[in-house]
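Asks: Let me begin by handing over the structure; questions about it come next.
Bear in mind that the values in this text are calculations on the coordinates, not laboratory data. If you're wondering where the values come from, they're calculated on a predicted model, not measured in any experiment. Please note: Cβ atoms are built from the backbone with ideal geometry, for glycine as well, and neighbour counts cover all protein chains shown.
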Amino acid sequence: FFYVTFFISLRLIAQVSPYQIVQDMGRGLNLGNTLSAPVEGNWAPIVYEQFFIDVKNEGFSNVRIPVDFYGDRTSGSTESFSINSGTESDYSGSISDFTVSSTYLNRLETVIDWSINQGLYTVLDFHGAELKSEFLTTFNSSEPNYCEPNSAKRAADLMKFKSIWTAIANHFINYPETLIFEVVNEPYFELSADEMDALNSLIISTIRAT
C-alpha cells in the first residue's frame, strides 16, 4: 500500500506544470535582507514565526526567502587555484572539500518550516552580497576577480557551488513540492545566457541526483 501511494504521489506531482505552480503561488512577499545578511539582524529584523502567520492571514500565498551560503557559512576556499586559461586540468577536488554550516542550515530549516506549516509556497532563493563577490563576479570579464572559463579556479568555484546545492537538496530532501529552489538570484548582471544555461543544468542535475 505504501508503494502504491508513493507512486501515485509522484505521478500527481509530475502532472503539475510550471505554469500551474506559478498560478497556485499567487501573491507573495520577499523576506529580504534577513537570512541573506552576513549575520541575521544586521540588515533587517530577525524573523519570527508570527511573520508567516501574519502573511497567511493577510491573504498572501507565497514567501521568497533569500539566503547566502558564502562567507563563513561554507568552509573551503578556492582562492589558491589559477585563474588562467588552460589550467582546468590542474583541479582535482571534490564536493567533500567544502562543508556548509549546519547551524545555518538548521536555522533556515526552522524558518522554512514556519512558512510551509502555514500552507505557503516557499522559495529558497540563493542570493546575497557574498555570493556575488565570491562567485558571480568571477564570470564577468570587467571585474577584477574574473577567472577564465577553463581555469582551475572556475572548476573549483563550480564545485563549491555544487557542494552547497548538494547540501541544501539533501537537507530538504523530504519536503513537499511547495518548497521551491531558486538556483541563483539575478545572474544576468554577471553571467551570459549560455553560462547560466550550463549552471542551471549542473545544479538541477545535482538536486535531482539526491
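Asks: In nanometres, what is the gap between the two model label sites at Ile180 and Trp43, each 7 Å from Cα along Cα-to-Cβ?
Replies: Once both label points are built, they end up 2.1 nm from each other.
Asks: OK, next. Are there any helices in the chain, counted as whole DSSP H runs, that stretch 30 Å or more along their axis by Cα and score at least -0.5 on average by Kyte-Doolittle, and if so which? Working shown, then result.
Replies: Working: long enough: none.
None pass (Cα extent of 30 Å or more, hydropathy at least -0.5).
Asks: With an 8 Å cut-off on Cα pairs and a minimum separation of 6 or more residues, tell me the relative contact order of the chain in percent.
Replies: Details: 276 pairs, mean separation 48.6, N = 210.
About 23 percent, as a whole number.
Asks: To continue, here is another question. What Kirkwood hydrodynamic radius do you get for the range 135-189 when you take the inverse of the mean 1/r over all pairs of distinct Cα atoms, in Å? Don't jump to the answer; show the numbers that get you there.
Replies: Numbers: mean 1/r = 0.0766 Å⁻¹.
Hydrodynamic radius (Kirkwood, Cα only) of the range 135-189 equals 13.1 Å.
Asks: Taking every Cα atom in the range 68-163, find the radius of gyration and the maximum pairwise distance Dmax, and write them in Å.
Replies: Just the Cα atoms of the range 68-163 yield Rg and Dmax of 15.8, 51 Å.
Asks: Let me ask something else about it. Which of these, Glu58, Glu190, Glu182, has the largest mean-square fluctuation under a Gaussian network model of the chain (Cα springs below 10 Å)?
Replies: Its mean-square fluctuation being the largest, the pick is Glu58.
Asks: Still on this structure, please answer the following. Name the residue, out of Thr138, Thr34, Thr103, whose mean-square fluctuation peaks in a Gaussian network model built on the chain with Cα pairs under 10 Å.
Replies: Of Thr138, Thr34, Thr103, the most mobile in the Gaussian network model is Thr103.
Asks: Using R₀ = 35 Å, calculate the FRET efficiency as 1/(1 + (r/R₀)^6) where r is the Cβ-Cβ separation of Gln23 and Ser102; round to 0.05.
Replies: Numbers: r = 36 Å, r/R0 = 1.03.
That pair, Gln23 with Ser102, gives E of 0.45.
Asks: Quick check for me: using +1 on Lys/Arg Cβ and -1 on Asp/Glu Cβ, what's the dipole size of the range 83-197 about its Cα centre, in debye to the nearest 20? Show your work: numbers first, answer last.
Replies: Values: 6 positive and 18 negative charges, 66 e Å.
Once rounded to the nearest 20, the dipole reads 320 debye.
Asks: Toward the positive end of the charge dipole of the range 80-210, about the Cα centre and with charges on Cβ (Lys, Arg +1; Asp, Glu -1), which of Ile164, Ser201, Ser85 goes farthest?
Replies: Result: Ile164.
Asks: Using only C-alpha atoms and all pairs of different ones, pull out the Kirkwood radius for the chain in Å with one decimal.
Replies: Details: mean 1/r = 0.0540 Å⁻¹.
Taking every pair of different Cα atoms in the chain, averaging 1/r and inverting gives 18.5 Å.
Asks: Which lysines does Lys153 reach when only Cα atoms under 21 Å apart count, and residues fewer than 8 places away in its own chain are ignored?
Replies: Lys132, Lys162
Asks: Using the eigenvalues of the Cα gyration tensor, what equivalent ellipsoid semi-axes result for the range 158-210 when each is taken as the square root of five times the eigenvalue, whole Å, largest first? Intermediate results must be reported in sequence, preceding the final value.
Replies: Numbers: eigenvalues 89, 30, 17 Å².
The three semi-axes for the range 158-210 are 21, 12, 9 Å.
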